[in-house]
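Asks: This is the structure I have questions about; it appears just below.
The values are calculated or read from the model by the stated rules, or taken from the named source; none is laboratory data. Source: prediction; values computed, not measured. Virtual Cβ from ideal backbone geometry, glycine too; neighbours counted across all protein chains shown. The accessibility values were calculated without ligands, DNA or RNA, using every heavy atom of the protein model including side chains. Shrake-Rupley method; radii C 1.70, N 1.55, O 1.52, S 1.80 Å.
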Amino acid sequence: MDEPPLLDEFAVDAYRAAVRAGVFSDEAISEELGAGPARVAEARKALEELRLLGPLGDDERIRIPLDPEIVEAELISPLEMAIVERRRRIVRIHEQLRSLGQLYRSTEQLRYEENSIRVLDDAAEVRREIELARHRCVRERMSLQPGGGRSAELLQQDLAQTRELLRRGVRIRTLYQHTARASLATRAYVKRICEEGGEVRTAEELTERIIIYDRRIAFVPKERNGREAPGAAVVTDPTLVAYLCRSFEATWQVAQPFSPAEAESAPAGERQSGTELRDSILRLMAMGLKDEVIARRLGMATRTCRRYISALMDELGATSRFQAGLMLGRREATAKPDGDTLAEGLGVGPCD
């Protein structure tokens, strides 16, 4: 957007009239230009601020027009000197910080080698470490996000950071659980980042929240205790980071793609993952796990999980969890050897 001119047309006309008369007279200019005293006074003030009007000798009451070339030199010279000084300062900053940067990186490398697993208890310190890793990331970010949909606030914050990485050519791969497909905020987020080159898939179960940058540094959060944000382990040991990358790749290969089109038409994706979800609930029920444990492993609310379990028990014709477990065990024992799933053996169809 262009900046407005230093002088408006009326001020230029007033200066022109003053040059012809050799003096700036409010009354004469007001009469010549047909403007009121206030408008003329405003133009005079603008001309004085640009030093285009000055006193006649020692008489401050009479203002005369001054040469614009002289005024230009007076105004620009300090600015040019300031620019030269700023450029010198920029060069000094570059030279000083680059030398310190080499010192920092060499020391940091030794720190990573000596402390290949650092446990940080302070959540703020964890965020600073993640921000530093994101800033240095040049190739790839892999992340596992277990649980259901994340909050709109967190997704909005992550969106800006993810788009910045994508603009730098960093490959972004994110794994959610199937239950995240039901979140409107998550679907909107997925649509945005996929349109810009990000990749998102969903899986039946994810273990822990993990972020890996450039297959070099991984962040594994500590167990949450209450509402406070947990600390995290910062892992730089090559063997452990490689193991975490292989675990991610194994889950990524069997996960379902979550494309922009699927994000817009969520019901189709939800139906596709719904069958797997019900299979998982049946399998975990057969293991004798409690509702809370099943809900946590599948990334859903306990209340939602109990609704699923209640519906499945109705389908089985079971009156108790114990009876359902026995029936599931018998069904598994007599399942077809051709690889049919437990849900197919029970006649379980897609989720509504």
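Asks: Through the Karplus equation 6.51 cos²θ - 1.76 cosθ + 1.60, θ set to phi - 60°, convert the phi angles of the range 63-73 into ³J(HN,Hα) values in whole Hz; use x for Gly and Pro.
Replies: Result, ordered by residue: 10, 10, x, 10, 5, x, 5, 5, 4, 4, 4 Hz.
Asks: At 1.4 Å probe size, what's the solvent-accessible area of Glu164? Round to the nearest 10 Å².
Replies: Counting only protein heavy atoms, Glu164 exposes about 60 Å² to solvent.
Asks: So for Thr302, Thr207, Thr162, what's the accessible-area order with a 1.4 Å probe, most first? It would help to have the intermediate numbers written out before the result.
Replies: Values: Thr302 40, Thr207 115, Thr162 0 Å².
My answer, sorted largest first, is Thr207, Thr302, Thr162.
Asks: If one computes the Cα centroid of the range 156-204 and of the range 1-40, what distance in Å separates the two points?
Replies: 59 Å
Asks: So for His94, His135, His178, what's the accessible-area order with a 1.4 Å probe, most first?
Replies: Highest to lowest solvent-accessible surface, that is His135, His94, His178.
Asks: Using a basic spin-label model with each label point 7 Å from the Cα along Cα→Cβ, how many nm lie between Arg224 and Glu140?
Replies: Result for the modelled spin labels: 2.8 nm.
Asks: How high is the FRET efficiency from Ser116 to His94, r the C-beta distance, R0 30 Å, rounded to 0.05?
Replies: Step by step, r from the Cβ atoms, then E = 0.40.
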